[in-house]
Each structure stands twice: as C-alpha cells, then as structure tokens.
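Here, each number is a calculation from the coordinates, and none is a lab measurement. What you are looking at is a predicted structure, and each value in this text was computed from that prediction instead of being measured. We place every Cβ from the backbone using ideal geometry, glycine too, and count neighbours over all the protein chains shown.
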Amino acid sequence: MSNIKRKIRLALLDDHPIFRQSFKILCDEEKDLKLVGSYGESAELFTQLQFVKCDVLILDYLLLAEDQDGLSLIKSLLSRYPDINILLSTSVESMAVIRAAYMLGIKGYISKRESGTVYSSAIRTVAHGQRFIPPAIAEQLVQFTGKNNDYLPKPHSHDVDASSVLDKLLTPSETTVISYFLSGMSISDIAKELERSRKTVAGHKNNALRKMGMKSDLELFKFHNDFFKQKIA
C-alpha cells in the first residue's frame, strides 16, 4: 500500500506579479504543495475554476480598480463554489473587514507580511477544512466584537449586513457622522448640519475609523461599497 499522499492543490489570485512569482517559489520548495493556477484577474479565476480543481484558494483582498474584489468577490466565489477553502492573503488589517470576511465563510486570514513558513502552515490548516486564525487576530476580533466566535459564519449563509458588523461598535454620534460622510458630505458640511464644531465632527469620524480598524477614508468607502454590492447582488 502506497504511503504517498496527494499534494495540496493551490490556486492564487493576486494582481501583483512579484507576489505570484514569490508564491510559486514557495510552492516549489514545499513537497506537499502544488500550484495549479496563478491568476491576476478575477474573471480569469472564475473561468479556470470550471476546469481546475483546487484544495485552497489564496485570495488577495484588493485587486485592480476595475476588477471585482473585496467582500463582493468572496461572496460571489462562495455562492458559486460553496465548498471552496479560501485563505485571504492581504495587507488589509481592518478588523471590520476581517470579521466580515470570516462571517462570509473564508477559512483563514493571513497578512502579506508573514513568512513563507507561516503561509505554508496556514495553507495546510485550511486544506484540512480547519479555520486558520492568527492568535493576534483572534484576540483583536474578540476585543472588536466583545464576544468569542462572533465572527464565525452562520450555516449556509453568505450574507452579512453592515449593521451586524458594526452593531454596538460605534456611538450614536459616530454612526451619524459616518453615515453623513459616506453620503458625500464634507466634515464642514456635517458640522453645519449637526451644529457642531469641525473639530468635534472630525473627532467622531476618526474615533469611528479607529474602532473599525481602518486607517484611511479609502478603506471606509471600500468597506461600505462592498456591502452595497452584496445587498443589490
């Protein structure tokens, strides 16, 4: 009886050629890993998934501006391929985004700053159907939500509402400011509308971003737009 085990088949979606090349080198160095597909665009990935079987999909969160990415891409993938094991590989460290991704059904999250050894370990964990949650991220998720396992997906559900992700996270004032800001109003406009100082309004906005683990307005709008896409999909 043969003791040879089948290699773990991997597919990668990342728009950075240097990362795809580095990942191929990693797979070549590991005896139990086999890269069966490496793609730079989501459309190419969807086409090839019809023909290529993979055990783990390593997925970048942010792709080119004109490409589908983020939470909407995760939802589309899991809707078409509900059994696919997704390892989210990204430089995005927003707890709101990471929590939403886990709730949608990804199997693991890993920062692009991690070593090849950590990547290999994460891949093997996910390939066996287990969740890979880095200890530091697990701790932050608990702090973010105030509950253990609150970020785990509900059975057979790939729908996450923004309100469920931010529930009880922001104060009423912070929620109001963020809502106005996302509607297109400037800090000055919001201050006039609420009859508050610009400093107060800016403080509410910055506190909200900090609580959501976001470092820029771009991350906030990306997060909002992803949820909007899910709602109308």
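What full-extension length gain, to one decimal in nm, is calculated for residue 22 and residue 218 as 0.36 nm per residue of separation minus the Cα-Cα distance?
Numbers: separation 196, 0.36 × 196 = 70.56 nm, distance 2.76 nm.
Additional length available on full extension: 67.8 nm.
Of 5/31; 31/53; 192/222, which pairs sit farther than 21 Å apart, going by alpha carbon to alpha carbon? Numbers along the way, then the final one.
Values: 5/31 10 Å; 31/53 19 Å; 192/222 26 Å.
Violating the 21 Å limit, Cα to Cα: 192/222.
Local charge sum around residue 187 (other residues, Cβ-Cβ under 12 Å, Lys/Arg +1, Asp/Glu -1)?
+2
Between their Cα atoms, which of 75/215; 7/107; 24/211 are more than 27 Å away from each other?
Violating the 27 Å limit, Cα to Cα: 24/211.
Roughly how many nanometres apart are two label points built 7 Å out from the Cα toward the Cβ at residue 140 and residue 195?
Rounded to a tenth, the inter-label distance reads 4.0 nm.
Can you list the chymotrypsin sites (Phe, Trp or Tyr not before Pro) in the range 1-93 that are in a DSSP coil and have 10 or fewer other beta carbons within 10 angstrom?
Answer by residue number: 51.
Can you give the alpha-carbon Rg of the range 81-148 over 2.2 N^0.38 Å, where N counts its residues?
Normalised by 2.2 N^0.38 Å, the Cα Rg of the range 81-148 equals 1.06.
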